[in-house]
Amino acid sequence: MSKKRGGNRKRTSPDTQDTILSDQKKKRSRKQRDQSIPNFVKMEILDNREASSTQQIKEEEIEKEPFKNQKQDTDKIYTPLDIKTEETEEKEQKEEEEEEEPVKRPEDDDKEELTFEVLTNDGKLQTLEYLLQLKNIFSGELPRMPKNYIARLVFDRHHQALMMFKQPRRDLPEHERPKTKKRVIGGITFRPVNAERFIEIAFCAVTSLEQRRGYGRVLMNNLKSYCQQCRWMRFLTYADNFAVTYFEKLGFSKTITMDESRYLGYIKDYTEATVMECMLHPRIDYLHIPVMIEKQREAVFDRMKEVDSSHSIFDAHETRQRILGKILNQMKNSEDSWPFLKPVTLEEAPDYYDVIKNPMDLQTMEEKLKADRYQTIDQFVDDMMLIFKNCRSFNRKSSVYYHCANECEKQFKLFMNRLR
Ligand code: COA
């Protein structure tokens, strides 16, 4: 019996058709995704699936003699990378870049947040995707480093990576979140040397569009905080000569306090790079440095207040009144000021007010001071000098009054000089 064309096909309900279509879609997207993952990553996945038993043996060996094996492993496991040519890698990178990305708009900046995570190559697809993004950043930002060498270390299981992600802020309601997706914008690949309790920083970079915005600082401070918890209290790195200042600003120094024999052979030596060290302090909260500095400033200020009163800011007006009052009293108490204590009376000198048109005396000055009529020290000085000038105008040079005016003037100038 001949079969009708398609006669043995089962009729499918719309629901089943949907399922088939979505299965086909899934297959296609899995295929696309697999194509977008470079070969060496795929080989990594195979490694994880098929070579788990050998890996287990290796891990047992590493446990016994961690350091020795770490060094050997780095060179051994990832040889598939070495057979990839730079050309294929560049092509793959270009393809990745051409992948459709949601457009990031400037106004999205405050709608996105930074998050941090430490990842190691655990063979999971998501981890591999993120490590791949980080590898691409390193390749772009460190052009003098061979790409396959970067990849080898980034995917090496004894290296860890502190990843810096940018993603839509999670505290925003769904409809306000930008369409951008979680992506790696920088990171640090490092290898802990447990035996000596230090880490070696292999690569550190922030993607070029996000540089010089403080992210490099935040990234390093996050690494410090993480390593503090792991009790890896020392960082060593061969800093690219262009980045020495960056490392210095983040607390690294060219002076290495660690004995050379303890790190030589453990960390990789690069040309045109400077070995630098940073020691962590167990009590510094590296994630809240500005808050900590503010607290320290307050503590220092409080301590200063205990030993010194210069922190008090006097009321300028009150201070001036107090000082002028003191000078006035000193003048009143002078043995030569008796002719100037009160206004001259008509009994004392009937024609005085015909000659002296602007009379002045210490009592009047005191009243003016109490009435707050001296707005400047100069006004006070002018009145005092007027007393002496009037006296010298009205009296003869040989008189006792004239002598008193000269003596009082000398004393007054002395007080004023002390004040200044
Ligand atoms: N040279 C001199 N100073 C630098 C610098 C550089 N290349 N990069 C950053 N700085 C300074 C900044 O001026 C800033 O100092 P300030 O706070 O006194 O203004 C401080 O370092 C922190 O800057 P920040 O904005 O947080 O750094 P960043 O986000 O630009 O990241 C790098 C710094 C080095 C990680 C980044 O520029 C980068 O990826 N460079 C290319 C890769 C590289 O050289 N990596 C280091 C060797 S592995």
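One table, with the values for the structure above:
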{"item": "Theoretical FRET efficiency, 1/(1+(r/R0)^6), r = Cβ-Cβ of Arg197 and Asp171, R0 30 Å, to 0.05", "result": "0.20"}
{"item": "Hull shadow area, averaged, the range 214-301 [alpha-carbon convex hull, nm²]", "result": "6.9 nm²"}
{"item": "Computed Rg/Rh of the range 328-380, alpha carbon atoms with Kirkwood Rh", "result": "1.01"}
{"item": "P(r) histogram, all alpha-carbon pairs of the range 322-420 included - 10 Å bins from 0, percent", "result": "15, 51, 29, 5"}
{"item": "Restraint check, Lys147/Lys249; Lys124/Lys268; Lys111/Lys224; Lys124/Lys254; Lys326/Lys357, Cα-Cα greater than 31 Å", "result": "Lys124/Lys254"}
{"item": "P(r) tail fraction, the range 190-343 - alpha-carbon pairs more than 28 Å apart, %", "result": "49 percent"}
{"item": "Estimated inter-spin distance, Arg396 and Thr271, nm [label 7 Å along Cα→Cβ]", "result": "10.5 nm"}
{"item": "The range 190-265, accessible area per residue, ligands and nucleic acids excluded (1.4 Å, Å²)", "result": "50 Å²"}
{"item": "log₁₀ of I(q)/I(0) at q = 0.15 Å⁻¹ - the range 263-402, Debye sum with one point per alpha carbon", "result": "-0.89"}
{"item": "Nearest-0.05 FRET efficiency for Glu306 and Trp338, computed from C-beta distance (R0 41 Å)", "result": "0.30"}
{"item": "Difference of contour (0.36 nm per residue) and Cα-Cα distance, Met258 to Asn358", "result": "27.6 nm"}
{"item": "Inter-site label distance for Ala349 and Leu125 at 7 Å from Cα along Cβ, in nm", "result": "11.0 nm"}
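The values are calculated or read from the model by the stated rules, or taken from the named source; none is laboratory data. None of the values given here were measured: they were computed from a predicted structure. So basically every Cβ, Gly included, is an ideal-geometry build from the backbone, and we count neighbours across all protein chains shown. These area figures cover heavy atoms from the full protein model, side chains too; ligands, DNA and RNA do not enter into them. Shrake-Rupley method; radii C 1.70, N 1.55, O 1.52, S 1.80 Å.
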